[in-house]
Amino acid sequence: MVKILLGLFILSISGCSYTNALNTSAADTNTKDTNKEGVNAGSASGLSKYNGLCNGSLPLDLQSLQFISHVGEQNEVIGKPGAGKLCQANVYRVKKEITVWRTWNSEYQPSAKGKWWTFNMPMGAVSEYRQHYEICPSYSPIDKLIKCTLIQDEQIIVGTGQSATCSQYLTYKTSSALQVYIDDAAVSVKDCSLYNGQLSWTSEPR
């Protein structure tokens, strides 16, 4: 018998162009720590105690982002091992408008502009996407996709994922994929487009 798995997100709107401003990879739990003057780094030490356990590294200044500070473990975007969220993170100022993407739950419309985003359009097997960004099935069915432009001069947090224990049967390890935390996307993004997820199936290798 040939086994099958959930495959690609198929966008219901065709002809959309995609430009990755960072050339890097970049999921919703409720977190906080920001103010209108800028994102709170959350620790005087400036580094999370989990940094040595994290996967991947964080860039400093990039073409579209300016490094501001490291994020310490007191900030609620930093999760303990097994708790998801981020393992290590930096605060950046947006120097140039960037495209960001977010999968969300169609049963809860306000989640369209939640806090967790990526720099890259979600592609490939859904199970692998969940693993890369530590999105437990209980967090979201990820049946909708939104694409927005991140506004210049906004402050964001970018980091790599902490491990997540979803259940006794499912655990995601730390990931090197970059995730984007936007505290108030309703005011930080613009020019958004919505897409529907559709089922697509591919054969597993024998």
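Data table
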{"quantity": "Residues of region 164-190 classified as of a type in the set (Ser, Thr, Tyr) and out of contact with any strand residue (DSSP E or B) (no Cβ under 6 Å at 6 or more places or on another chain), total", "calculated": "3"}
{"quantity": "Tally, over region 152-173, of residues that are out of contact with any Leu (no Cβ under 7 Å at 6 or more places or on another chain) and either at pLDDT below 95 or assigned to a loop (DSSP other than H, G, I, E, B) (or both)", "calculated": "7"}
{"quantity": "Pick from region 174-206, criterion polar (S, T, N, Q), touching a Ser or Thr at 6+ places or on another chain (Cβ under 7 Å) and in a strand (DSSP E or B), ranking: nearest to SER106 (Cα to Cα)", "calculated": "ASN196"}
{"quantity": "Identity of the residue in region 121-151, of a type in the set (D, E, K, R) and part of a loop (DSSP other than H, G, I, E, B), that ends up nearest to LYS80 (Cα to Cα)", "calculated": "GLU134"}
{"quantity": "Test: residue in region 141-151 that is within 18 Å of LYS95 (Cα to Cα), modelled with pLDDT of 95 or more and not aliphatic (A, V, I, L, M)", "calculated": "yes"}
{"quantity": "Residues being among the acidic types (Asp, Glu) and under 14 Å from TYR195 (Cβ atoms) - total across region 140-155", "calculated": "1"}
{"quantity": "Strands (runs of 3 or more DSSP E) contained entirely in region 1-119, each with at least 1 residues that are at pLDDT 50 or above and either crowded, with 16+ Cβ neighbours inside 10 Å or over 18 Å from the mean Cα position of the chain (by Cα) (or both)", "calculated": "65-70, 86-94, 98-104"}
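The values are calculated or read from the model by the stated rules, or taken from the named source; none is laboratory data. All values reported here derive from a predicted model rather than from experimental measurement. When we count neighbours, we look across all protein chains shown, and the Cβ atoms used for this are built from the backbone with ideal geometry, even at glycine.
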